[in-house]
1. Among the residues of segment 65-93, write down those that are part of a loop (DSSP other than H, G, I, E, B), under 23 Å from the mean Cα position of the chain (by Cα) and not acidic (D, E).
2. So, in segment 204-227, of the ones that are assigned to a loop (DSSP other than H, G, I, E, B) and in contact (Cβ under 8 Å) with a residue 40 or more places away in the chain, which residue ends up surrounded by the most Cβ atoms within 10 Å (Cβ to Cβ)?
3. Out of D121, D96, D154, D107, report the one residue that is exposed (fewer than 13 other Cβ atoms within 10 Å of the Cβ), assigned to a loop (DSSP other than H, G, I, E, B) and in contact with a strand residue (DSSP E or B) (Cβ under 8 Å, 6 or more places away or on another chain).
4. Among the residues that make up segment 158-173, is at least one of them of a type in the set (K, R), farther than 24 Å from A87 by Cβ, in contact with an Asp or Glu (Cβ under 9 Å, 6 or more places away or on another chain) and part of a loop (DSSP other than H, G, I, E, B)?
5. What is the residue count in segment 176-195 for residues that are over 26 Å from the mean Cα position of the chain (by Cα) and not small (G, A, S)?
6. Return a yes/no flag: does segment 126-146 have any residue that is of a type in the set (S, T, Y), within 28 Å of A76 (Cβ to Cβ) and touching a strand residue (DSSP E or B) at 6+ places or on another chain (Cβ under 7 Å).
7. Taking the stated definitions as given, is M78 over 20 Å from T215 (Cα atoms) and of a type in the set (A, V, I, L, M, F, W, C)?
8. Of (1) assigned to a strand (DSSP E or B); (2) at pLDDT 95 or above; (3) not aromatic (F, W, Y), T149 satisfies all except one. Which?
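The values are calculated or read from the model by the stated rules, or taken from the named source; none is laboratory data. All values reported here derive from a predicted model rather than from experimental measurement. Neighbour counts run over all protein chains shown; Cβ positions are idealised from the backbone, glycine included.
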Amino acid sequence: MQDEKPKRKRGDRNLFQQIGDTMRERREVQNRETRLILLGALLVCGVIGGVYIIVAGIFNAVETNNLRTAYGDQLAEMCDPVLGGTADAANFPQTDGPAGLLVLRTDSTNRHAWHSDMPADQEASNADEVDVVVCVDEDWTELEECTYTQSSPDGDFTADTTRRQHTVSIILLNAATGDRITETELVGGMPAECPANYDDLDTGSRQFISGERVTPNDFVIWYEGIS
């Protein structure tokens with residue numbers, strides 16, 4: 001006589017179904033929570049980005065208004081855009097003492113941060129004191145891109161870093177006539193070489209290896225040599 005297999009009770013099936021339903025509900029709740037978290041993160045990033053744009057716009061508008069009030073529209077717009085024809089040292093204004101400087105950002109109606117770093121006897125504070133307008137345009141020149149192969153539990157991947165050098169294009173204009181006096185490009189320090197290993201990069205900024213920036217003092221030294 002064959003032994004009969006024990007029959008699974010209906011209650012056991014209901015219990016398994018309940019467990020399965022509970023696990024599915026938990027997964028759905030977790031999925032909803034994950035979606036909500038991602039949505040919240042996107043909203044926060046969007047709000048922060050929007051606030052930054054608004055604040056930057058307000059700052060630029062205030063600075064433009066202050067610039068026009070202090071120096072007048074003609075001087076405020078002299079670097080936006082830069083005109084003046086061919087540069088000629090003969091266009092340098094004749095002054096009794098050091099020429100007063102107004103330092104502006106190229107293609108804008110904002111003062112450049114260097115303006116407040118000019119020597120006290122050359123930092124023009126109003127239109128009557130301006131003899132030379134300085135148009136400043138900062139940029140970074142990419143010198144080399146270094147690629148590293150990294151390993152992870154999911155397989156190998158590549159990571160890049162770029163060596164770059166700070167450059168500043170400068171144009172001097174006669175404030176009274178708008179004629180170009182001279183122009184030059186100042187370059188900052190050379191960046192360090194790419195290290196042999198990616199992990200040896202500065203963890204704070206692995207995207208770039210940057211050289212030292214051009215400083216206001218670098219400009220003053222150059223300007224003293226040509227004025």
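1. Here is the first cut: in segment 65-93, the residues part of a loop (DSSP other than H, G, I, E, B) are 72, 77-78, 80-81, 83-88, 92-93.
Retained after the next criterion (residues that are under 23 Å from the mean Cα position of the chain (by Cα)): 80-81.
Within segment 65-93, P81 is the sole residue that qualifies.
2. We begin by selecting, within segment 204-227, every residue assigned to a loop (DSSP other than H, G, I, E, B); these are 204-207, 211-215, 227.
Still in the running and in contact (Cβ under 8 Å) with a residue 40 or more places away in the chain: 206-207, 211-214, 227.
Details: R206: 14, Q207: 11, G211: 20, E212: 12, R213: 14, V214: 22, S227: 16.
This residue is V214.
3. Working: D121 fails: in contact with a strand residue (DSSP E or B) (Cβ under 8 Å, 6 or more places away or on another chain); D96 fails: in contact with a strand residue (DSSP E or B) (Cβ under 8 Å, 6 or more places away or on another chain); D154 fails: in contact with a strand residue (DSSP E or B) (Cβ under 8 Å, 6 or more places away or on another chain).
Among D121, D96, D154, D107, only D107 is exposed (fewer than 13 other Cβ atoms within 10 Å of the Cβ), assigned to a loop (DSSP other than H, G, I, E, B) and in contact with a strand residue (DSSP E or B) (Cβ under 8 Å, 6 or more places away or on another chain).
4. Let us first name the residues in segment 158-173 that are of a type in the set (K, R), namely 163-164.
Still in the running and farther than 24 Å from A87 by Cβ: 163-164.
Now narrow it down to the ones that are in contact with an Asp or Glu (Cβ under 9 Å, 6 or more places away or on another chain): 163-164.
Checking the rest, the ones that are also part of a loop (DSSP other than H, G, I, E, B) come to none.
For segment 158-173, residues of a type in the set (K, R), farther than 24 Å from A87 by Cβ, in contact with an Asp or Glu (Cβ under 9 Å, 6 or more places away or on another chain) and part of a loop (DSSP other than H, G, I, E, B): absent.
5. Within segment 176-195, the first condition is being over 26 Å from the mean Cα position of the chain (by Cα), and the residues that meet it are 176-182.
In the following step, the residues that additionally are not small (G, A, S) were identified as 177, 179-182.
Result for segment 176-195: 5.
6. If we filter segment 126-146 for residues that are of a type in the set (S, T, Y), which is where we start, we get 141.
Still in the list and also within 28 Å of A76 (Cβ to Cβ): none.
Checked against the condition, which is being of a type in the set (S, T, Y), within 28 Å of A76 (Cβ to Cβ) and touching a strand residue (DSSP E or B) at 6+ places or on another chain (Cβ under 7 Å), segment 126-146 yields no hits at all.
7. Working: over 20 Å from T215 (Cα atoms): yes; of a type in the set (A, V, I, L, M, F, W, C): yes.
Judged against the criteria, M78 is a match.
8. Failed condition: (2).
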